Number of protein chains: 2
Amino acid sequence: MSYKDGFHVAVMGATGAVGQQIIKQLEKRNFPIRKLTLLSSARSAGKEVLFKNEVITVKEAVPESFEGVDIALFSAGGSISEKFAPEAVKRGAIVIDNTSAFRMNPEVPLVVPEVNEDALHGHNGIIANPNCSTIQMVAALQPIREAYGLNKVVVSTYQAVSGAGAAAINELNKQTNAIINKEEVEPAILPVSSLDKHYQIAFNVIPQIDKFTENGYTYEEMKMINETKKIMGMPELKVAATCVRLPVETGHSESVYIEIGTNKVNVSDIKHVLQNAPGVTLQDEPESQVYPMPAMAVGKDDVFVGRIRKDLDEETGFHMWIVSDNLLKGAALNTIQIAESLIKLGLVSSKVEA
Amino acid sequence: MSYKDGFHVAVMGATGAVGQQIIKQLEKRNFPIRKLTLLSSARSAGKEVLFKNEVITVKEAVPESFEGVDIALFSAGGSISEKFAPEAVKRGAIVIDNTSAFRMNPEVPLVVPEVNEDALHGHNGIIANPNCSTIQMVAALQPIREAYGLNKVVVSTYQAVSGAGAAAINELNKQTNAIINKEEVEPAILPVSSLDKHYQIAFNVIPQIDKFTENGYTYEEMKMINETKKIMGMPELKVAATCVRLPVETGHSESVYIEIGTNKVNVSDIKHVLQNAPGVTLQDEPESQVYPMPAMAVGKDDVFVGRIRKDLDEETGFHMWIVSDNLLKGAALNTIQIAESLIKLGLVSSKVEA
């Protein structure tokens, strides 16, 4: 093996919600690490993080932080990635970026290993991790597409607040407490902290995630549309998305309508395909009330699929309900899986042996 | 006017969540009432209700309770309607029934006054009030259909717990409190109190409303599908529904995808149609973050529509977000509006003058 001493891994954004999950996943999956460098903004630098019983101090990121790094995992926001990812690549690191900064760049592979691991071969130093809502959907749709073709996708999401970071989780908890105690709380974070208007999320539903683009869709919706086409390599696929925020802490749910390439298929065929799909767990027994729910998906690696029904009026139409932990498969886990795929495919080498 | 002294109105299920709203609406809308009879099961009989500063005692319903009643408003569950509605009709009352007992009976008009008031002419004593989720959707779709035709509807709902009654509201509040205080609570009501399995609703999402039918859809989903076709008088309309329960007390939201009868229409045409539609309020200004949300729709009469977008890949496709107070337009208000339509059309007369 080319990595017998392991890799020098850097985590950029080590103190954030996703960064913390990345560090946990590196430990849990026993990722081959020779050295772990934890980086952040100046504000969070100096914090201490426990990794395999060793205390590591988070350092402020500067371009030189990436000297000697083999794999750099970024989750500190798009502008940080734009600034530092090229610096890391310049110094020989492979960057796996959790932000949307490079996702639609044609030079950058956008990867869910179960779907398009092969796209890693074309990388130029940066690999993008897709949007959380996109990852869980394409993981469920790809096996169906391979078996029966896919023409159209209409998704409505039910997204947890942790997708908007730790401040949004805090806001949900504070608001819920206040409403129960009949106190006033001024919303300050959701739907988008940098925008003017903020709305109550506790006991409410907000049909806005990220800012609006000029066509009336939000950026989150456009990410789902464009990233799905790119990951599946299907520019002709019809995709539409409506993205909605709920008072749930973690776990994204999706109501997905698809039209496949044949009218010769029934629900049990689709279930059979998903039963054998990598990274997917079928939870679909209506007669015993078995279906996926976010409260049961939290902390689990898989994408859970249930409520599979044939459309009653459209011969090629099917409906399904897809749930996954947005911080795991939707972010940290998929990032680590990309790194594992790079190793498996021999696309990354450890500088200690170079 | 044939009702100058007003009507003798009976409310069956007067102590329930919807019954209480019906009584409030009768007062608020100054419905022409000569006498108000409040009925319930033996268990709730004896309770006192204030109506126009007068205390009315709720009585246990027996067939004779409907002697002399002109209009009977039922919201006490399907089996109660099946038992007592024919008794009321036999005694000359017109029944407006809030349950699903008679909705798909071809002899029974299923009415949303803004959509199909004319269907009242064919009544045989019983008129059915549609399912809450159906009402708000058809109120928004009918004006679009009239202007541009309608071929297909795919809806995913975001439904509040109050649709499952007062016990479900209580369960949401108790569970929320317990989770915040890190205590245990055993779910006992949702998704369906009479079924074996109950799931946490606080900070969770349950993709089941009502029991499952044999085809894998729930009864709630089949209601939306069948009732939409019946109310709109379009058996050929393609309709599909996925119904989902959320930790929201009141206010149903719906993500609706439609395909209309022309590709010559843009978003501003659809907005223009909805701006002039009865019972509908357009809330659609993405640039200033204006869109409908349940927390803002509670207590309001209208159906709120926003997030209207043209599908980017389907020439005739549009998306929208529809929100309404499920206890008002979704139940009590539509019931009273049906009664008002009956009066307006001269289809009910007061027995005092007969």
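The values are calculated or read from the model by the stated rules, or taken from the named source; none is laboratory data. Note that the coordinates shown come from a computational prediction; the quantities given were computed from them, not determined experimentally. Every residue, glycine as well, gets a Cβ built from its backbone with ideal geometry; the counts of neighbours run over all protein chains shown.
Of the conditions (1) of a type outside the set (D, E); (2) buried (at least 23 other Cβ atoms within 10 Å of the Cβ); (3) outside any loop (DSSP other than H, G, I, E, B), B:P130 clears all except one; give me its number.
Looking at each condition in turn, B:P130 falls short on (3).
Got a sec? Which helices (runs of 4 or more DSSP H) wholly within region B:249-354 have at least 1 residues that are within 11 Å of another protein chain (Cβ to nearest Cβ) and either aromatic (F, W, Y) or touching a residue at least 12 places away in the same chain (Cβ under 8 Å) (or both)?
Working: elements: B:267-275, B:294-297, B:333-344.
Because the criterion is at least 1 residues that are within 11 Å of another protein chain (Cβ to nearest Cβ) and either aromatic (F, W, Y) or touching a residue at least 12 places away in the same chain (Cβ under 8 Å) (or both), the helices (runs of 4 or more DSSP H) in region B:249-354 that meet it are B:267-275, B:294-297.
Please state which one of A:P86, A:P113, A:P106, A:P63 is surrounded by fewer than 18 Cβ atoms within 10 Å (Cβ to Cβ) and in contact with a helix residue (DSSP H, G or I) (Cβ under 6 Å, 6 or more places away or on another chain). Working first, answer last.
Details: A:P86 fails: in contact with a helix residue (DSSP H, G or I) (Cβ under 6 Å, 6 or more places away or on another chain); A:P113 fails: surrounded by fewer than 18 Cβ atoms within 10 Å (Cβ to Cβ); A:P106 fails: in contact with a helix residue (DSSP H, G or I) (Cβ under 6 Å, 6 or more places away or on another chain).
Checking each option against the conditions leaves just A:P63.
Filter region A:205-225 for residues that are more than 9 Å from chain B (Cβ to nearest Cβ), crowded, with 21+ Cβ neighbours inside 10 Å and not in a loop (DSSP other than H, G, I, E, B) and give the result.
Hits for region A:205-225 are A:E220, A:K223, A:M224.
State the number of residues belonging to region B:1-18 that are closer than 16 Å to B:S81 by Cβ and modelled with pLDDT of 95 or more.
5
For region A:163-204, which residues satisfy the criterion of being among the basic types (K, R) and assigned to a loop (DSSP other than H, G, I, E, B)?
Result: A:K182, A:K197.
For region B:219-226, check the following and say yes or no: at least one residue is more than 25 Å from B:A140 (Cβ to Cβ) and under 23 Å from the mean Cα position of the chain (by Cα).
no
List every residue pair whose Cβ atoms lie under 6 Å apart, where the two residues are 6 or more positions apart in sequence or sit on different chains, the first residue falls within region A:128-142 and is without any contact (Cβ under 8 Å) to a residue 60 or more places away in the chain, and the second residue, located anywhere, is of a type outside the set (V, I, T).
Filtered contacts from region A:128-142: A:A128/A:D97; A:A128/A:F102; A:A128/A:R103; A:A128/A:L110.
Give region B:300-351 a look and list any residue that's farther than 19 Å from B:E227 by Cβ, in contact with a Gly (Cβ under 8 Å, 6 or more places away or on another chain) and among the hydroxyl-bearing types (S, T, Y), or say none.
B:T316, B:S350
Determine whether B:S75 is under 30 Å from B:M104 (Cβ atoms) and in contact with an Asp or Glu (Cβ under 6 Å, 6 or more places away or on another chain).
So B:S75 fails the test.
Please work out which residue is surrounded by the most Cβ atoms within 10 Å (Cβ to Cβ), limiting yourself to region A:191-204 and to residues that are hydroxyl-bearing (S, T, Y) and more than 8 Å from chain B (Cβ to nearest Cβ).
A:S193
Restricting attention to region B:21-36, does a residue exist that is closer than 19 Å to B:K83 by Cα and not assigned by TED's automatic domain parsing to the domain that holds B:G299?
no
Between B:G261, B:G216, which is over 27 Å from B:G299 (Cβ atoms) and in contact with a Gly (Cβ under 6 Å, 6 or more places away or on another chain)?
The conditions single out B:G261.
State all residues of region B:303-314 that are touching an Asp or Glu at 6+ places or on another chain (Cβ under 9 Å) and either of a type outside the set (V, I, T) or at positive phi (or both); if no residue qualifies, say none.
Once the filter is applied, which keeps residues that are touching an Asp or Glu at 6+ places or on another chain (Cβ under 9 Å) and either of a type outside the set (V, I, T) or at positive phi (or both), region B:303-314 yields B:G306, B:R307, B:R309, B:D311, B:D313, B:E314.
Does A:I258 satisfy the condition of being assigned by TED's automatic domain parsing to the domain that holds A:T228, surrounded by 22 or more Cβ atoms within 10 Å (Cβ to Cβ) and at pLDDT 95 or above?
When the stated conditions are applied, A:I258 passes them.
For region B:91-110, how many residues are under 23 Å from B:I343 (Cβ atoms) and either touching a Cys at 6+ places or on another chain (Cβ under 7 Å) or of a type outside the set (G, A, S) (or both)?
Qualifying residue count for the region: 13.
Would you say A:V192 is under 21 Å from B:M296 (Cβ atoms) and at pLDDT below 95?
No, not satisfied.
Scan region A:169-190 for residues that are of a type in the set (V, I, T) and surrounded by fewer than 17 Cβ atoms within 10 Å (Cβ to Cβ) and jot them down.
A:I180, A:V185 - these are the residues of region A:169-190 that are of a type in the set (V, I, T) and surrounded by fewer than 17 Cβ atoms within 10 Å (Cβ to Cβ).
Closer than 30 Å to B:V161 by Cα and in a helix (DSSP H, G or I) - does that describe any residue in region A:238-245?
Looking through region A:238-245, none of the residues is closer than 30 Å to B:V161 by Cα and in a helix (DSSP H, G or I).
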